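One structure is given here, and the rest of the page talks about it.
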Amino acid sequence: MNSLLGLGKYLFIIPLLGFGFGHLSNANAMAGMVPIPGGALWIYVTGIAMLAAAVSIVIGKWDKLATTLLGIMLLIFALSIHLPGMLNAADAMAKQGSMGQMMKDIGLAGGAWMYAAGLARDKSMIG
């Protein structure tokens, strides 16, 4: 069972890698979704942040900080981009798409914080 649970961290980084590379390769197309000035710059910054969190998890260095900050970033995405998109959707299909994105970011934020909390608990039990 322990090896199955250990697989979870690698499954967790798959979306981070996909979204991180997606941000870097589609920054200009995504820039219009950014609710603050800076557009594409913020897309690049957040893409790099996702890739950095994934690397941090894999190598086991600064992973508690990385997953704590990742959770904050994802919750900001959910509340500042996807929630308004859902509330202001022009039709049911757009509303459902925004809601799915919001739920995805909330779930990943929760997973990031569970990882950080578990890591903190494991390290405090060891040392």
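Let's see how each residue does on (1) modelled with pLDDT of 95 or more; (2) among the aromatic types (Phe, Trp, Tyr); (3) over 15 Å from residue 104 (Cβ atoms):
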{"position": "4", "(1), (2), (3)": "no, no, yes"}
{"position": "9", "(1), (2), (3)": "no, no, yes"}
{"position": "21", "(1), (2), (3)": "yes, yes, yes"}
{"position": "39", "(1), (2), (3)": "no, no, yes"}
{"position": "44", "(1), (2), (3)": "yes, yes, yes"}
{"position": "48", "(1), (2), (3)": "yes, no, yes"}
{"position": "53", "(1), (2), (3)": "yes, no, yes"}
{"position": "60", "(1), (2), (3)": "no, no, yes"}
{"position": "70", "(1), (2), (3)": "yes, no, no"}
*asked:* Would you confirm, using the coordinates I've provided, whether residue 109 is touching a residue at least 12 places away in the same chain (Cβ under 8 Å) and within 21 Å of residue 5 (Cα to Cα)?
replied: yes
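To keep it simple, each residue is scored yes or no on (1) without any contact (Cβ under 8 Å) to a residue 60 or more places away in the chain; (2) closer than 20 Å to residue 75 by Cα; (3) not β-branched (Val, Ile, Thr).
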{"site": "4", "(1), (2), (3)": "yes, no, yes"}
{"site": "13", "(1), (2), (3)": "yes, yes, no"}
{"site": "18", "(1), (2), (3)": "yes, yes, yes"}
{"site": "25", "(1), (2), (3)": "yes, no, yes"}
{"site": "32", "(1), (2), (3)": "yes, yes, yes"}
{"site": "38", "(1), (2), (3)": "yes, yes, yes"}
*Among the helices (runs of 4 or more DSSP H) contained in the stretch 10-126, which hold 3 or more residues that are of a type outside the set (S, T, N, Q) and touching a Phe, Trp or Tyr at 6+ places or on another chain (Cβ under 9 Å)?*
40-59, 63-77, 92-126
_Residue within the stretch 40-62 that is of a type in the set (A, V, I, L, M, F, W, C) and touching a residue at least 60 places away in the same chain (Cβ under 8 Å) present_ = no
*Would you mind stating whether residue 103 is touching a helix residue (DSSP H, G or I) at 6+ places or on another chain (Cβ under 9 Å), loosely packed, with under 15 Cβ neighbours inside 10 Å, modelled with pLDDT of 95 or more and not aromatic (Phe, Trp, Tyr)?*
yes
*under 17 Å from the mean Cα position of the chain (by Cα) and surrounded by fewer than 17 Cβ atoms within 10 Å (Cβ to Cβ), is that true of residue 81?*
no
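The values are calculated or read from the model by the stated rules, or taken from the named source; none is laboratory data. All of these numbers come straight from a predicted model, not from anything done at the bench. Methodologically, a virtual Cβ is constructed for each residue, glycine included, from the backbone with ideal geometry; neighbour enumeration extends over all protein chains shown.
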